[in-house]
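Below is one structure, written out as structure tokens, with a few remarks after it.
Coordinate-derived values only; no laboratory data. Bear in mind that the values here come from a model prediction, so they are computed numbers and not experimental data. Heads up, the Cβs are rebuilt from the backbone with ideal geometry, glycines too, and the neighbour counts pull from every protein chain shown.
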Amino acid sequence: MPRIVPFLWFDDQAQHAAEYYTELFPDSRIDGVGRGPDGSVLVVEFTLLGQPYRAMNGGPGHPFTDACSLQVDVDSQEELDRVWDALVAEGGHPVACGWLVDRWGLSWQVTPAVMGELLAAGGDATAAERVFRAMQDMVKLDIGALRAAAAA
């Protein structure tokens, strides 16, 4: 059965990034490292939260953009803060509305697992708009404030 595996192009830090990501998330591991003729790392296969990925050291000229991002759904503010802080560390930077860019230039969205539910607001369009406006005013998302906006 075919499957889709996200393939990430790094300048020369594929293994370092994969190791960092697999330490950050549970149910994650390095599955294999392929080397080029000179022995340098060429491709790294890894799993994050049960999802397979491949990363390649392809050299410069193909930077990541926010047109493609990885979204992580978290269950608590504590987990959101932990993941967010780790991904913006050492050269990453926050963007807006739960988005950030990590030190390698890869865009991430760190969102509450209940975000869809909060934005749907049980069919209450006014509550959904409050949640959406609250989210737009945030950089790192605040689950309590989003819940309060839904309940207001």
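In whole Hz, what ³J(HN,Hα) sequence does region 16-32 give by Karplus (6.51, -1.76, 1.60; θ = phi - 60°), x for Gly and Pro?
So the J values, rounded to whole Hz, are 4, 5, 4, 5, 4, 4, 6, 6, 6, 10, x, 6, 9, 6, 7, 9, x.
Could you work out the relative contact order of the chain, using alpha carbon pairs under 8 angstrom and six or more residues apart, expressed as a whole percent?
Details: 274 pairs, mean separation 27.6, N = 152.
Taking the mean separation of contacting Cα pairs over the length of the chain, I get 18 percent.
Projected onto the charge dipole of region 1-62 (+1 at Lys/Arg Cβ, -1 at Asp/Glu Cβ, origin at the Cα centre), which of Gln15, Pro60, Val43 gives the Cα projection farthest towards the positive end?
Val43
Taking the alpha-carbon centroid of each part, what is the distance from region 105-152 to region 1-64 in angstrom?
If we compute the Cα centre of each part, the gap is 31 Å.
Using the Karplus equation 6.51 cos²θ - 1.76 cosθ + 1.60 (θ = phi - 60°), what ³J(HN,Hα) coupling, rounded to whole Hz, does each residue of region 37-45 give in order, writing x for Gly and Pro?
Values, residue by residue: x, 8, x, 6, 5, 10, 10, 10, 9 Hz.
Between Arg130, Arg35, Arg82, which gets the highest mean-square fluctuation from a Gaussian network model of the chain, Cα cutoff 10 Å?
Answer for the Gaussian network model of the chain: Arg35.
Under 5 Å between amide H atoms, partner at least 5 residues away or on a different chain: which partners does Leu141 have, H built in plane at 1.01 Å?
For Leu141, whose amide H was placed from the backbone, the distant partners under 5 Å are Gly98.
Once the Cβ-Cβ distance between Ala151 and Phe64 is put in as r, and R0 is 35 Å, what FRET efficiency do you end up with, to the nearest 0.05? Walk me through the numbers on the way to the answer.
Working: r = 37 Å, r/R0 = 1.06.
The pair Ala151/Phe64 has a calculated efficiency of 0.40.
Be a star and scan region 55-97 for residues whose amide nitrogen sits under 14 Å from the point 7 Å along the Cα-to-Cβ vector of Val114.
74-80
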